[in-house]
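Scroll down for the structure; my scribbles are underneath it.
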Amino acid sequence: MRPFTYERATSPAAAAAAVERNPGARFIAGGTNLLDLMKLEIETPVQLVDVNGLKLDSVEPTPDGGLRIGALVRNTDLAADPRVRRDYGVLSRALLAGASGQLRNKATTAGNLLQRTRCPYFYDTGQPCNKRQPGSGCAAIGGFSRQLAVIGGSDACIATHPSDMAVAMRALDATVETVRPDGAVRTIPVADLHRLPGDTPQIETALEHGELITAVALPKPAGGAQIYRKVRDRASYAFALVSVAAIVQPDGSGRVALGGVAPKPWRVEAAEAEMPRGAKAVAARLLAGAKPTDDNAFKLPLVERTLGAVLAEAKG
Ligand SMILES: Cc1cc2nc3c(=O)[nH]c(=O)nc-3n(C[C@H](O)[C@H](O)[C@H](O)COP(=O)(O)OP(=O)(O)OC[C@H]3O[C@@H](n4cnc5c(N)ncnc54)[C@H](O)[C@@H]3O)c2cc1C
Ligand code: SF4
């Protein structure tokens, strides 16, 4: 690990300004992703700005009947919140499907959204990776790509986004609240937070350097049956091969987002019109234009079957 300086931020605006001043600075929250990346010298920040003391760790009701989740709310606490369990079951279930109990005790809402890909070549500094080292190439294309994206990738990168929580937030139409280094606040639909790789896979989000996530807002409860189903190689401590977050209304309409298949939580609103016609029709619209590799073509039928199981569970 390379040497770095460390400071505790005293306010959200001060945290944002401290990171903005130094191109090599990073926020640190739970540290469960960033510290691993630093030990492997994939991330080499020269300054860490600790945001844990910013009192962004509560879940509050909003005037429009929704919930505002502080950026520092731990994954364990969010999953256990009675309002989340009652009104946003898909979110609670997605959180509990992620990582392990110990990790969820440390992991934060913002850190979870901003965790980086688990592409094995991103972690292997002996391999070319356009995301880690722009312009070096992509070892995954033509390499081992079982875990990687079947849709939304590019000739430069086919990494998937690893978060379970983000997939549920996409289905719930969540909005991210931020503070910029000049103190201005803005809101970003979670749909627009993560970018597709295109020619610049190293630019992963719509955030500016130094822009701090302060909260995630959920709209008023959508009702319906809320299900999160994650298919993975092991029952614990494993990232999704495919996951489905679904909100299904009694008349069969609803919303569906996928994890494990794309560089961002994958939702195609037009596909949801097909929900009353069943999983095959929805999956066909969701995955139109997919470009799987030989290693991960199995994800296409797996999406259809997982979605079928979710819709059957919702009916039941
Ligand atoms: C063994 C293992 C298994 C895992 N399995 C899963 C899994 O199955 N599913 C899953 O979803 N996740 C899984 N995870 C990932 C885990 O959920 C993330 O590491 C965690 O959510 C990151 O949160 P954090 O607070 O620790 O982030 P940190 O590591 O502190 O930060 C992550 C990134 O977010 C930035 N950041 C943090 N807070 C803010 C903020 N407020 N504003 C702007 N930027 C910020 C940091 O600068 C950094 O770039 C696993 C992790 C491990 C180690
Ligand atoms: S898929 Fe993306 S993260 Fe993986 S090696 Fe290629 S460029 Fe790097």
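For every residue, the table says whether it meets (1) open to solvent by 30 Å² or more (accessible area, probe 1.4 Å); (2) touching a residue at least 12 places away in the same chain (Cβ under 8 Å); (3) farther than 18 Å from Gly183 by Cα.
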site	(1), (2), (3)
Pro12	yes, yes, no
Val19	no, yes, no
Leu35	yes, no, yes
Lys39	yes, yes, yes
Thr44	yes, yes, yes
Asp81	no, yes, yes
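May I ask you to say which residue of Pro162, Pro134 is under 29 Å from Thr76 (Cα atoms) and not in a strand (DSSP E or B)?
Pro162
For region 125-144, check the following and say yes or no: at least one residue is within 27 Å of Glu208 (Cα to Cα), under 18 Å from the mean Cα position of the chain (by Cα), touching a residue at least 12 places away in the same chain (Cβ under 8 Å) and more than 9 Å from ligand 2 (Cβ to nearest atom).
no
May I ask you to list pairs of residues, at least six apart or on different chains, whose Cβ atoms are under 9 Å apart, with the first in region 226-255 being under 23 Å from Arg83 (Cβ atoms) and the second being modelled with pLDDT under 95 and of a type in the set (Lys, Arg)?
Sorted first by the residue in region 226-255, then by its partner, the pairs are Val248/Lys315.
From the residues in region 83-120 that are touching a strand residue (DSSP E or B) at 6+ places or on another chain (Cβ under 8 Å) and free of Cβ contacts under 8 Å to residues at least 40 places away in the same chain, which one is farthest from ligand 2 (Cβ to nearest atom)?
Per the stated criteria, the residue is Arg83.
How about region 18-113: which helices (runs of 4 or more DSSP H) wholly inside it have at least 1 residues that are of a type in the set (Gly, Ala, Ser) and in contact with a helix residue (DSSP H, G or I) (Cβ under 9 Å, 6 or more places away or on another chain)?
Qualifying helices (runs of 4 or more DSSP H): 75-80, 89-96, 101-106.
Hey, any hits in region 206-214 for a residue that's more than 15 Å from the chain's Cα centre (by Cα), over 22 Å from Leu103 (Cα atoms) and open to solvent by 60 Å² or more (accessible area, probe 1.4 Å)?
Looking for residues that are more than 15 Å from the chain's Cα centre (by Cα), over 22 Å from Leu103 (Cα atoms) and open to solvent by 60 Å² or more (accessible area, probe 1.4 Å), one finds at least one in region 206-214, hence yes.
Taking the options Thr187, Thr200, name whichever one is more than 16 Å from the chain's Cα centre (by Cα), farther than 18 Å from Arg93 by Cβ and in a strand (DSSP E or B).
Thr187
Here's the yes/no breakdown for (1) more than 30 Å from Asp294 (Cβ to Cβ); (2) crowded, with 18+ Cβ neighbours inside 10 Å; (3) touching a Ser or Thr at 6+ places or on another chain (Cβ under 7 Å):
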{"site": "Val90", "(1), (2), (3)": "yes, yes, no"}
{"site": "Ser100", "(1), (2), (3)": "yes, no, yes"}
{"site": "Ala110", "(1), (2), (3)": "yes, yes, no"}
{"site": "Cys119", "(1), (2), (3)": "no, yes, no"}
{"site": "Asp124", "(1), (2), (3)": "no, no, no"}
{"site": "Cys129", "(1), (2), (3)": "no, yes, yes"}
{"site": "Ser136", "(1), (2), (3)": "no, no, no"}
{"site": "Gly142", "(1), (2), (3)": "no, no, no"}
{"site": "Gly152", "(1), (2), (3)": "no, yes, no"}
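Name the residues in region 147-159 that are touching a Phe, Trp or Tyr at 6+ places or on another chain (Cβ under 8 Å) and more than 6 Å from ligand 2 (Cβ to nearest atom), would you?
Scanning region 147-159 gives Gln147, Ile151, Gly152.
Are any of the residues in region 237-253 at pLDDT below 95, in a loop (DSSP other than H, G, I, E, B), surrounded by fewer than 19 Cβ atoms within 10 Å (Cβ to Cβ) and within 16 Å of ligand 1 (Cβ to nearest atom)?
Yes, the conditions are met somewhere in region 237-253.
Looking at (1) surrounded by fewer than 18 Cβ atoms within 10 Å (Cβ to Cβ); (2) touching a helix residue (DSSP H, G or I) at 6+ places or on another chain (Cβ under 7 Å); (3) among the aliphatic types (A, V, I, L, M); (4) part of a loop (DSSP other than H, G, I, E, B), which is the only condition Ala270 fails?
Result: Ala270 fails condition (4) only.
Ala288: modelled with pLDDT of 95 or more, out of contact with any helix residue (DSSP H, G or I) (no Cβ under 6 Å at 6 or more places or on another chain) and surrounded by fewer than 18 Cβ atoms within 10 Å (Cβ to Cβ), yes or no?
yes
Select from region 46-66 the residues that are within 17 Å of Glu211 (Cα to Cα) and open to solvent by less than 30 Å² (accessible area, probe 1.4 Å) and list them in ascending order.
Within region 46-66, Gln47, Leu48, Val49, Asp50, Val51, Leu54, Leu56 qualify.
For the list (1) crowded, with 16+ Cβ neighbours inside 10 Å; (2) basic (Lys, Arg); (3) under 17 Å from Asp295 (Cβ atoms), I need the number of the one condition that Arg146 fails.
Only one criterion is unmet by Arg146, namely (1).
The values are calculated or read from the model by the stated rules, or taken from the named source; none is laboratory data. Nothing here was measured: the structure is a model prediction, and the numbers come from that model. With ideal geometry, Cβ positions are generated from the backbone for all residues, glycine too; neighbour counts draw on all protein chains shown. Heavy atoms of the whole protein, side chains included, go into the accessibility calculation; ligands, DNA and RNA do not. Shrake-Rupley method; radii C 1.70, N 1.55, O 1.52, S 1.80 Å.
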